[in-house]
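Presented below is the structure to which this report refers.
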Amino acid sequence: MTNDGALDELTSSFLAEAREMLDEVEPYLIELGQVSTGEGAIDPETVNLVFRLFHSLKGSAGFFQFSSIVGVTHVAETLLELFRSGKAQMGVRHTDVLCRTCDVLGLLLDRIEAVGSDTGLQDRVEGISKELL
C-alpha cells in the first residue's frame with residue numbers, strides 16, 4: 001500500500017494475475033469433478049495443470065509475504081501431489097474442497113485489495129486448510 005492507502009502497482013498486478021489464475025483453474029476443477037463422479041479416468045495433465053496454477057500463485061504470494069495465501073496453496077499442492085503421484089484417487093469430495101479453496105483465495109485477494117494484507121480471515125484459512133488435509 002502507498003501512503004494514501006492505494007495499492008502499489010506491483011500489488012495491483014499481483015491481484016490481477018492471481019484472479020486470472022483462479023479464473024483459469026476453476027473450469028479444470030469442475031472438469032475433474034465431473035470425471036470423478038463418472039466412469040472416466042482423471043486426466044493426469046489436468047491435475048498437473050491445476051497443481052502448477054496453485055504453485056505459481058503460492059510463489060507470487062510468497063514474494064509479497066501473503067502468508068495466508070501461501071499456506072492455503074501449499075496445502076492444496078500437497079493434496080494434489082497425492083493424486084499426481086498415484087498415492088490417492090481424486091473424488092468428488094476433493095474437487096469440491098479445491099473449488100471452495102478457490103473461493104477462500106478469492107476472499108483473501110479481496111482482503112488484500114481492501115486493506116493491503118491477507119490477514120483477518122484466519123478462521124476460513126484454517127477451516128479450508130483442515131479440509132484439504
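The values are calculated or read from the model by the stated rules, or taken from the named source; none is laboratory data. Nothing here was measured: the structure is a model prediction, and the numbers come from that model. We place every Cβ from the backbone using ideal geometry, glycine too, and count neighbours over all the protein chains shown. Remember, those area values only see protein heavy atoms, side chains included, never the ligands or the DNA or RNA. Shrake-Rupley method; radii C 1.70, N 1.55, O 1.52, S 1.80 Å.
Do the conditions hold for SER68, that is, is it crowded, with 17+ Cβ neighbours inside 10 Å and hydroxyl-bearing (Ser, Thr, Tyr)? Outline the logic, then answer.
Values: crowded, with 17+ Cβ neighbours inside 10 Å: yes; hydroxyl-bearing (Ser, Thr, Tyr): yes.
The answer is yes for SER68.
Counting just the residues of segment 117-133 that are of a type in the set (Gly, Ala, Ser) and assigned to a helix (DSSP H, G or I), which one comes out nearest to ILE30 (Cα to Cα)?
If we take residues in segment 117-133 being of a type in the set (Gly, Ala, Ser) and assigned to a helix (DSSP H, G or I), then SER129 is nearest to ILE30 (Cα to Cα).
Taking segment 34-58 as the region of interest, how many residues are in a helix (DSSP H, G or I) and free of Cβ contacts under 8 Å to residues at least 40 places away in the same chain?
Of the residues in segment 34-58, 13 are in a helix (DSSP H, G or I) and free of Cβ contacts under 8 Å to residues at least 40 places away in the same chain.
Do you know which of the residues in segment 26-58 that are over 30 Å from SER117 (Cβ atoms), open to solvent by 80 Å² or more (accessible area, probe 1.4 Å) and of a type outside the set (A, V, I, L, M, F, W, C) is modelled with the highest pLDDT?
Looking at residues that are over 30 Å from SER117 (Cβ atoms), open to solvent by 80 Å² or more (accessible area, probe 1.4 Å) and of a type outside the set (A, V, I, L, M, F, W, C), I get GLU45.
Tally time: how many residues in segment 79-92 are hydroxyl-bearing (Ser, Thr, Tyr) and either within 18 Å of LEU105 (Cβ to Cβ) or not in a loop (DSSP other than H, G, I, E, B) (or both)?
So the count comes out to 0.
Out of ALA76, ALA61, ALA114, I need the residue that is exposed (fewer than 14 other Cβ atoms within 10 Å of the Cβ) and assigned to a helix (DSSP H, G or I). Which one?
On the way: ALA76 fails: exposed (fewer than 14 other Cβ atoms within 10 Å of the Cβ); ALA61 fails: exposed (fewer than 14 other Cβ atoms within 10 Å of the Cβ).
Being exposed (fewer than 14 other Cβ atoms within 10 Å of the Cβ) and assigned to a helix (DSSP H, G or I) holds for just one of ALA76, ALA61, ALA114, which is ALA114.
List pairs: first in segment 5-30 and closer than 16 Å to GLY62 by Cα, second surrounded by fewer than 16 Cβ atoms within 10 Å (Cβ to Cβ), Cβ under 6 Å, 6+ apart or cross-chain?
Taking only residues 6 or more apart or on different chains, the pairs are LEU15/GLU113.
Return the total of residues in segment 82-99 being surrounded by fewer than 16 Cβ atoms within 10 Å (Cβ to Cβ) and under 14 Å from the mean Cα position of the chain (by Cα).
Qualifying residue count, segment 82-99: 2.
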